1. Quick check on my filter: what residues within the range 42-58 are under 19 Å from L204 (Cα atoms) and either touching a residue at least 12 places away in the same chain (Cβ under 8 Å) or hydroxyl-bearing (S, T, Y) (or both)?
2. Test of understanding: among A110, A99, which residue is outside any helix (DSSP H, G or I), farther than 23 Å from E162 by Cα and not basic (K, R)?
3. Considering (1) out of contact with any Lys or Arg (no Cβ under 7 Å at 6 or more places or on another chain); (2) within 28 Å of M102 (Cα to Cα); (3) open to solvent by less than 10 Å² (accessible area, probe 1.4 Å); (4) not hydroxyl-bearing (S, T, Y), say which one P182 fails and leave the rest.
4. Say whether the condition of being closer than 24 Å to E162 by Cα and either open to solvent by 50 Å² or more (accessible area, probe 1.4 Å) or under 19 Å from the mean Cα position of the chain (by Cα) (or both) is met by at least one residue in the range 226-238.
5. Considering only the range 248-274, state which residues are part of a loop (DSSP other than H, G, I, E, B), open to solvent by less than 70 Å² (accessible area, probe 1.4 Å) and in contact with a strand residue (DSSP E or B) (Cβ under 8 Å, 6 or more places away or on another chain).
6. Here are E189, E216, E252: which of them is charged (D, E, K, R) and closer than 24 Å to I143 by Cβ?
7. Do we find a residue being in contact (Cβ under 8 Å) with a residue 60 or more places away in the chain and surrounded by 19 or more Cβ atoms within 10 Å (Cβ to Cβ) anywhere in the range 8-24?
8. Hey, can you tell me all the residues within the range 137-153 that are buried (at least 21 other Cβ atoms within 10 Å of the Cβ) and either touching a Lys or Arg at 6+ places or on another chain (Cβ under 6 Å) or not aromatic (F, W, Y) (or both)?
Amino acid sequence: MRLGLCTTMRHSSPEEWAKQLYDLGCKTCVFPVNYLVGEEVVDAYAAAAAKYGLTIAEVGIWKNMIAEDPAQRAEAMEYAIGQLRMAERVGAKCCVNIAGAMKGPRWDGAHKDNFSTDAWDLTVKSVQELVDAVKPVRTKYSIEPMPWMIPSGPEEYLGLLEDIDRDCVGVHMDIVNMINCPDRYFFQEEFIEDCFELLGDKILSCHLKDVHLRPEFTFQLQECACGQGELNIELYTELATKANPDMPMIIEHLNSDEEYIASLKYVQERLHLN
């Protein structure tokens, strides 16, 4: 596997950005700019990543392509097309988004309509429209699973891929996002194994973090930094590496470069990567 960080790091040039990651022992990265910066800047970051042996794990979209407001959907699609074209240009392993929320105040929030037939059909249609507009060859589009919207489990993910029916669409794996109930938490090893058995050959990139069961009522799971929860990180990374020896594993959702560096060092020591 190849470890990386979901942070742009404080930097003043593409060279400084890539060298910082390299010096920390990273072997992959999340692309740190969007397509709006222009092709010259995009190419400079891609060249810096290549110079230091960093694969580009992900280009992020993070827009709601199934928003209730048609204008928001159109804006999201325009941005998604630009990001997917950039991912193709730089040869990213994947261009990733979430399905999005059908209703509610948060674009990535929980709502019962997220599991409706309309949400499913809109997701399939929007992904098809996106990839058919770009026709990527060097990269693939992927949807990050979420605890409260599709796909929230490996079987849902397989069904979504079948309905989308495009070779340029693959899997983004986030085990913690799918551990959303007591069964998956307490029997996480079996769940992790099921995920890789069903999706392993389609996985493009993985997020790496941890999950902690809070003691308060009712059942509350908290995403946290690696080592602050109970996730079997060894099994997760072992199966990811088995699926792809160069699998990107991206540490995410921390609050500062210092926290990212500390988490990276913890994972490197825990997994004996130094």
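1. A46, A49, G53, L54, T55, I56, A57, E58 - these are the residues of the range 42-58 that are under 19 Å from L204 (Cα atoms) and either touching a residue at least 12 places away in the same chain (Cβ under 8 Å) or hydroxyl-bearing (S, T, Y) (or both).
2. Among A110, A99, only A110 is outside any helix (DSSP H, G or I), farther than 23 Å from E162 by Cα and not basic (K, R).
3. Result: P182 fails condition (3) only.
4. Quick first cut of the range 226-238, residues closer than 24 Å to E162 by Cα only: none.
Taking every residue of the range 226-238 in turn, none turns out to be closer than 24 Å to E162 by Cα and either open to solvent by 50 Å² or more (accessible area, probe 1.4 Å) or under 19 Å from the mean Cα position of the chain (by Cα) (or both).
5. E252
6. Residue meeting the stated conditions: E252.
7. We begin by selecting, within the range 8-24, every residue in contact (Cβ under 8 Å) with a residue 60 or more places away in the chain; these are 9-10, 24.
Still in the running and surrounded by 19 or more Cβ atoms within 10 Å (Cβ to Cβ): none.
No, there is no match, as no residue in the range 8-24 is in contact (Cβ under 8 Å) with a residue 60 or more places away in the chain and surrounded by 19 or more Cβ atoms within 10 Å (Cβ to Cβ).
8. T139, K140, S142, I143, E144, P145, M146, M149, I150, P151
The values are calculated or read from the model by the stated rules, or taken from the named source; none is laboratory data. Just so we're clear, the structure is a prediction, and the values are computed from it rather than from any experiment. Cβ coordinates were reconstructed from backbone atoms using ideal geometry, including for glycine residues, and neighbour counts include every protein chain displayed. Areas reflect the complete protein model, heavy atoms only, side chains present, ligands, DNA and RNA absent. Shrake-Rupley method; radii C 1.70, N 1.55, O 1.52, S 1.80 Å.
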